[in-house]
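Before any comments, here is the structure.
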Amino acid sequence: MSGVQDQLEIKFRLTDGSDIGPKSFPAATSVATLKESILAQWPKEKGNGPRTIKDVKLISAGKILENSRTVGECRSPLVDTPGGVTTMHVVVQAPMEKEKKELNQPQQNRCGCVIL
């Protein structure tokens, strides 16, 4: 019976309201592994998908989950019901290439002073 409780049914809710899953994961699965699963199952027809697990944030019970933690450690007794499906929200961070380009360019002094 404990083997069944060590498995969690998780579905991932994307920002547009669609879902990936549900899929069963052992409680010892790391959050990083969940993110890799999301990358592998990301719908191809959706643009702007994540490139790496660093682009993905998982939110469960209002908390952003850390990559090093396990699913069992992140389980909330108030939200997760035994035998139920846990919904985790997926947020994809947009690539910050534009900001990186701006940081690499030399700063121009655009300050203007007026002395009266």
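Scan the stretch 34-60 for residues that are under 19 Å from Gln7 (Cβ atoms), crowded, with 16+ Cβ neighbours inside 10 Å and free of Cβ contacts under 8 Å to residues at least 24 places away in the same chain and jot them down.
Ser37
Just checking, how many residues over the stretch 36-73 are over 13 Å from His89 (Cβ atoms) and outside any loop (DSSP other than H, G, I, E, B)?
Looking only at that region, the number is 12.
What are the residues in the stretch 1-35 that are in contact with a Ser or Thr (Cβ under 8 Å, 6 or more places away or on another chain) and in a helix (DSSP H, G or I), if any?
Answer for the stretch 1-35, where residues must be in contact with a Ser or Thr (Cβ under 8 Å, 6 or more places away or on another chain) and in a helix (DSSP H, G or I): Val31, Ala32.
Test Asp16 against the stated conditions and say whether it is in contact (Cβ under 8 Å) with a residue 12 or more places away in the chain, open to solvent by 70 Å² or more (accessible area, probe 1.4 Å) and more than 21 Å from Asn67 (Cβ to Cβ).
yes
Any idea which residue in the stretch 66-80 is surrounded by the fewest Cβ atoms within 10 Å (Cβ to Cβ), counting only those that are hydrophobic (A, V, I, L, M, F, W, C) and more than 11 Å from Ile10 (Cβ to Cβ)?
Ranking the qualifying residues of the stretch 66-80, first place goes to Leu78.
The values are calculated or read from the model by the stated rules, or taken from the named source; none is laboratory data. Keep in mind that this is a model prediction, so the values were computed, not measured. All Cβ positions, glycine included, derive from the backbone under ideal geometry; neighbour counts span all protein chains shown. Protein only, heavy atoms only, side chains kept; ligands, DNA and RNA dropped before computing areas. Shrake-Rupley method; radii C 1.70, N 1.55, O 1.52, S 1.80 Å.
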